[in-house]
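S.K.: Let me give you the structure first, and then I'll get to my questions.
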Amino acid sequence: MDQTLSSIISFRGKTPRIHPTAFIASGVRIIGDVEIGPHSSIWYNCVLRGDVNTIRIGARTNVQDGTVIHCDSPKPGNEVGLPTIIGDDVLIGHMVMLHGSILHDGAFVGLSSTVMDGCTIDSDGMLAAGALLSPGKHIGAGELWIGRPAKMLRTLSAEEIAGNRMGVVHYAQLAALHAEAVSG
């Protein structure tokens, strides 16, 4: 990671923790209480702002170009607020907005989608491109949700789930190539 081209910013005593094998592309802004796991990739011009709560990203997860990830402050009735927790092997498409939500291992969020406060996407659950998952919604394991607001369309096939899992491998390989290109 070339920190001259990215901003890794401590905020209120919290410094981002980034595994040394993670790929952080240029133009990325990572602020505050953010943790990024091994072999994950944060692509060009993403913003991860852990200023009012925590953001956790597991292993081999990719956050594609232009995505914004934030969390929600503690408040009366919800004294812990809403962190954003992203598991292992998660695919997050280009220009996604995630806010105070949980994405379990193997979840998929399509490009230009929005996942709002209190939402959960279970393992192998998928939010289609351009969809809006309104506050508090839950996508079950293997479900495909589409639309604005998003509604369940159907269950994903075994082939579609396998394809999403191959996307994880593809992005891990692509991140390694990009890391090599920018370090050379």
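S.K.: Taking the condition of being outside any strand (DSSP E or B), hydrophobic (A, V, I, L, M, F, W, C) and more than 23 Å from GLY147 (Cα to Cα), how many residues in the stretch 72-102 meet it?
M.R.: Here the count works out to 1.
S.K.: Among the residues of the stretch 61-84, count how many are open to solvent by 50 Å² or more (accessible area, probe 1.4 Å) and either in contact with a Leu (Cβ under 7 Å, 6 or more places away or on another chain) or acidic (Asp, Glu) (or both).
M.R.: Summing the residues that are open to solvent by 50 Å² or more (accessible area, probe 1.4 Å) and either in contact with a Leu (Cβ under 7 Å, 6 or more places away or on another chain) or acidic (Asp, Glu) (or both) in the stretch 61-84 gives 1.
S.K.: What number of residues within the stretch 103-136 are out of contact with any Gly (no Cβ under 8 Å at 6 or more places or on another chain) and either assigned to a loop (DSSP other than H, G, I, E, B) or open to solvent by 10 Å² or more (accessible area, probe 1.4 Å) (or both)?
M.R.: Residues meeting the conditions: 3.
S.K.: Answer yes or no: is there a residue in the stretch 159-174 that is of a type in the set (S, T, N, Q), over 17 Å from the mean Cα position of the chain (by Cα), more than 12 Å from ASP124 (Cα to Cα) and open to solvent by 50 Å² or more (accessible area, probe 1.4 Å).
M.R.: There is at least one residue in the stretch 159-174 that is of a type in the set (S, T, N, Q), over 17 Å from the mean Cα position of the chain (by Cα), more than 12 Å from ASP124 (Cα to Cα) and open to solvent by 50 Å² or more (accessible area, probe 1.4 Å).
S.K.: In this structure, does ARG56 turn out to be open to solvent by 10 Å² or more (accessible area, probe 1.4 Å), touching a His at 6+ places or on another chain (Cβ under 8 Å), modelled with pLDDT of 95 or more and not in a loop (DSSP other than H, G, I, E, B)?
M.R.: Answer is no for this residue.
S.K.: Could you say whether any residue in the stretch 19-30 is open to solvent by less than 10 Å² (accessible area, probe 1.4 Å), on the phi > 0 side of the Ramachandran plot and in a strand (DSSP E or B)?
M.R.: Scanning the stretch 19-30, I find no residue that is open to solvent by less than 10 Å² (accessible area, probe 1.4 Å), on the phi > 0 side of the Ramachandran plot and in a strand (DSSP E or B), so the answer is no.
The values are calculated or read from the model by the stated rules, or taken from the named source; none is laboratory data. All of these numbers come straight from a predicted model, not from anything done at the bench. Don't worry about glycine lacking a Cβ; one is built from the backbone with ideal geometry, like all the others, and counts go over all protein chains shown. These accessible areas exclude ligands, DNA and RNA; they are computed on the full protein's heavy atoms, side chains included. Shrake-Rupley method; radii C 1.70, N 1.55, O 1.52, S 1.80 Å.
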